[in-house]
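Working notes for the structure below.
The values are calculated or read from the model by the stated rules, or taken from the named source; none is laboratory data. This one's a predicted model, so the numbers in the text were calculated from it and none came from an experiment. Here the Cβ positions follow ideal geometry from the backbone for every residue, glycine too, while neighbour counts run over all protein chains shown.
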């Protein structure tokens, strides 16, 4: 028989003029995997951040197993059995994997003031092994791990305390199928043990398959809670956005035509890690989709194409013969890049919306060596309106925005710079269906304007729905190439990935 694990009553939270939560009531019962869904800025992460001790609420009350609950921080919440895995990077750089797992828990391995590092390493290895990530070396520097493995380290840290409540905040979007399966197995195990999971996701298929109930938030207000039997995509979408979605989601046409003009080429690329004799040509007016498993090398393609990394062998050239060897060279030649790791690589997270948008365009808006406030403001306001960025002012810090609005700022940076080539690595990761739709329509509009797009994605539906041509990668090489067609299926592409 289920019992109440956490109850939130009339929770209010404001960030300046932004009303993040407006009297939200929320209950999680034992055995539940409760999906939490809503558009970006709906309050999902805010309510979970309050439950996990990151924020306090302005008013309202929390109860944990029927007792008043007011965590002072995340460590306090974890001690009381509430753990949260965050959407963005939550590991600490420049220290080892085992140190990240046991941060704040060093006393467990300390005797007479000396930390038993061997015991800590062994314990870290055990929790990683139990999680299904035994290939991660607990003694390795966290900085040597890729994004996914760093996220698995966060999961190991959260699970070491054997929490009663686990909050998963858009974590699966950063993971390959292996990582997602680890999360799903954890959720099922906790449910079977009478514990509870709050599962934030924008993936409706994922929600409907793995969650036992679903709560919908919109503009800081709880709209409805659905049982498993009531979960139906069209109903969920209408509850989320409060309106019927109009227009195409992906492209509706199957005209995959583009110019013969090659605007960017990568020839015989070898990077010493993932890519082996990799070749690519991007044409004017083309959306080139690149897909594969997480370790296939597709993310490295984007970083090399923008000059962030350099190949050991081979070349990356633009149409005029320019070698793309540094990001500033790419930017100067109207090439833009959106990283999968948004907060660390695509944004200056503590800077304002205006400062982020203007950065690649400073040369264009500088007059006689001077930068005028009205020119900065005009550029930022143009992108705010074009992309419908929800904010109080363009002087607002980017860190105060929801994930979807942060991503719009990243798009605004490169559109404002009049980029002719856009390299998009998982550009819709962690954004809701409404924002996804607007981004897809924007990408298609850029194509129609003659811009060229490399769309790197772990979502096969995304590259099938948007691309003129699709490249599938495996083990650092191209394993298959497909022209836009109604006949392409995810199953067909998967055959070339594994």
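Taking the stated definitions as given, is residue 275 under 25 Å from residue 475 (Cβ atoms), outside any strand (DSSP E or B) and either within 26 Å of the chain's Cα centre (by Cα) or touching a residue at least 60 places away in the same chain (Cβ under 8 Å) (or both)? Before the answer, list the steps.
Details: under 25 Å from residue 475 (Cβ atoms): yes; outside any strand (DSSP E or B): yes; either within 26 Å of the chain's Cα centre (by Cα) or touching a residue at least 60 places away in the same chain (Cβ under 8 Å) (or both): yes.
Judged against the criteria, residue 275 is a match.
Can you work out which of the residues in the stretch 39-78 that are touching a helix residue (DSSP H, G or I) at 6+ places or on another chain (Cβ under 8 Å) and over 27 Å from residue 428 (Cα atoms) is surrounded by the most Cβ atoms within 10 Å (Cβ to Cβ)?
Among those that are touching a helix residue (DSSP H, G or I) at 6+ places or on another chain (Cβ under 8 Å) and over 27 Å from residue 428 (Cα atoms), it is 77.
Looking only at the stretch 63-86, which residues are in a strand (DSSP E or B) and more than 30 Å from residue 238 (Cβ to Cβ)? Walk me through it before giving the result.
From the stretch 63-86, those in a strand (DSSP E or B) are 63-64, 67-68, 82-85; that's our starting set.
Across the stretch 63-86, the qualifying residues are 63, 64, 67, 68, 82, 83.
Take residue 281 and tell me if it is under 16 Å from residue 470 (Cβ atoms), free of Cβ contacts under 8 Å to residues at least 60 places away in the same chain and more than 19 Å from the chain's Cα centre (by Cα). Break it down into steps so the answer makes sense when it comes.
On the way: under 16 Å from residue 470 (Cβ atoms): yes; free of Cβ contacts under 8 Å to residues at least 60 places away in the same chain: yes; more than 19 Å from the chain's Cα centre (by Cα): yes.
For residue 281, the condition - under 16 Å from residue 470 (Cβ atoms), free of Cβ contacts under 8 Å to residues at least 60 places away in the same chain and more than 19 Å from the chain's Cα centre (by Cα) - is met.
Inspect all residues belonging to the stretch 148-161 and state whether any of them is in the same structural domain as residue 119 (by TED's automatic domain parsing), buried (at least 21 other Cβ atoms within 10 Å of the Cβ) and outside any helix (DSSP H, G or I).
Taking every residue of the stretch 148-161 in turn, none turns out to be in the same structural domain as residue 119 (by TED's automatic domain parsing), buried (at least 21 other Cβ atoms within 10 Å of the Cβ) and outside any helix (DSSP H, G or I).
Per-residue answers, yes or no, for (1) crowded, with 22+ Cβ neighbours inside 10 Å; (2) under 30 Å from residue 14 (Cβ atoms):
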residue	(1), (2)
291	yes, no
294	no, no
313	no, no
333	no, no
342	yes, yes
354	yes, yes
365	no, no
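Looking at (1) closer than 28 Å to residue 299 by Cβ; (2) modelled with pLDDT of 90 or more; (3) not in a helix (DSSP H, G or I), find the lone condition where residue 394 falls short.
(1)
Determine whether the stretch 321-329 contains at least one residue that is crowded, with 18+ Cβ neighbours inside 10 Å and touching a strand residue (DSSP E or B) at 6+ places or on another chain (Cβ under 6 Å). Even if it seems obvious, please write down each step before you answer.
So the first thing to find is which residues in the stretch 321-329 are crowded, with 18+ Cβ neighbours inside 10 Å, and the list is 324.
If we keep only those that are touching a strand residue (DSSP E or B) at 6+ places or on another chain (Cβ under 6 Å) as well, we get 324.
Yes, the stretch 321-329 contains a residue that is crowded, with 18+ Cβ neighbours inside 10 Å and touching a strand residue (DSSP E or B) at 6+ places or on another chain (Cβ under 6 Å).
Restrict the check to the stretch 32-44 and report whether at least one residue is outside any loop (DSSP other than H, G, I, E, B), over 28 Å from the mean Cα position of the chain (by Cα) and at negative phi. Steps first, answer last, please.
As a first pass, look at the stretch 32-44 and keep what is outside any loop (DSSP other than H, G, I, E, B): 33-37, 44.
Of the ones still in play, those that are also over 28 Å from the mean Cα position of the chain (by Cα) are none.
Looking through the stretch 32-44, none of the residues is outside any loop (DSSP other than H, G, I, E, B), over 28 Å from the mean Cα position of the chain (by Cα) and at negative phi.
Quick test for you: out of 90, 56, 60, pick the one residue that is more than 18 Å from residue 30 (Cα to Cα) and under 22 Å from the mean Cα position of the chain (by Cα). If you could, list the steps in order and put the result at the bottom.
Details: 56 fails: under 22 Å from the mean Cα position of the chain (by Cα); 60 fails: under 22 Å from the mean Cα position of the chain (by Cα).
Checking each option against the conditions leaves just 90.
Please enumerate the residues belonging to the stretch 100-109 that are over 26 Å from residue 173 (Cβ atoms) and out of contact with any strand residue (DSSP E or B) (no Cβ under 7 Å at 6 or more places or on another chain). Steps first, please.
Of the stretch 100-109, the ones over 26 Å from residue 173 (Cβ atoms) are 102, 104-109.
Residues satisfying the conditions are 102, 104, 105, 107, 108.
Considering only the stretch 118-132, I want to know if a residue exists there that is in contact (Cβ under 8 Å) with a residue 40 or more places away in the chain, in a helix (DSSP H, G or I), touching a helix residue (DSSP H, G or I) at 6+ places or on another chain (Cβ under 8 Å) and under 30 Å from residue 41 (Cα atoms).
The first filter runs over the stretch 118-132 and keeps only residues in contact (Cβ under 8 Å) with a residue 40 or more places away in the chain, leaving 131-132.
Those still in the list that are in a helix (DSSP H, G or I) too: 131.
Among the residues that remain, those that are also touching a helix residue (DSSP H, G or I) at 6+ places or on another chain (Cβ under 8 Å) are: 131.
Next, from what is left, pick out any that are under 30 Å from residue 41 (Cα atoms): none.
Within the stretch 118-132, not a single residue is in contact (Cβ under 8 Å) with a residue 40 or more places away in the chain, in a helix (DSSP H, G or I), touching a helix residue (DSSP H, G or I) at 6+ places or on another chain (Cβ under 8 Å) and under 30 Å from residue 41 (Cα atoms).
Could you tell me whether the stretch 401-413 includes any residue that is at pLDDT 95 or above, within 20 Å of residue 299 (Cα to Cα) and in contact with a helix residue (DSSP H, G or I) (Cβ under 8 Å, 6 or more places away or on another chain)?
no
Is at least one residue of the stretch 402-413 assigned to a loop (DSSP other than H, G, I, E, B) and outside the structural domain of residue 218 (by TED's automatic domain parsing)? Talk me through it step by step, then tell me what you get.
First pass over the stretch 402-413, keeping only residues assigned to a loop (DSSP other than H, G, I, E, B): 402.
Next, only the ones that are outside the structural domain of residue 218 (by TED's automatic domain parsing) stay: 402.
Yes, the stretch 402-413 has at least one match.
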